[in-house]
Amino acid sequence: MSTHAWTESRVRELHDELVSLYEPVDRVAEHGADPTAEPGEGVRQLVTTILSQNVADANTSRAAAALFDRYDDFAAIEAADHDELAET
């Protein structure tokens with residue numbers, strides 16, 4: 001188990017360490033990325049993947065659509081009241 005507290009600064013530090021070790025990854029198909037994707041699409045896919053672990057497959061798309069329709073951006077999702085977020 002990790003003893004690090006996952007604060008924003010720690011996550012950014014970890015990101016910088018990984019980039020330093022492995023170089024930045026270009027947004028090209030060889031890395032599985034879609035170079036034409038909108039910024040934030042990777043985070044959207046991650047959130048959808050997390051949702052798929054908590055709802056039946058048939059409801060994953062519906063749950064993701066409700067989430068992204070209700071909140072303007074990821075900062076709004078992060079700042080949302082937890083009860084409201086769970087209801088969404």
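Expected output is a single nm value to one decimal: the length gained when fully extending between A5 and E38, i.e. 0.36 nm times separation in residues minus the C-alpha distance. What is it?
8.8 nm
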A correct Stokes-Einstein calculation for the range 39-87, using the alpha-carbon Kirkwood radius, 37 °C and 0.692 mPa s, returns a whole-number D in µm² s⁻¹ of 295
Which of L46, L51, L67, L21 is most accessible, then next, and so on - probe 1.4 Å | L21, L46, L51, L67
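The values are calculated or read from the model by the stated rules, or taken from the named source; none is laboratory data. All figures in this text were calculated on a predicted structure; none of them were measured in a lab. Remember, those area values only see protein heavy atoms, side chains included, never the ligands or the DNA or RNA. Shrake-Rupley method; radii C 1.70, N 1.55, O 1.52, S 1.80 Å.
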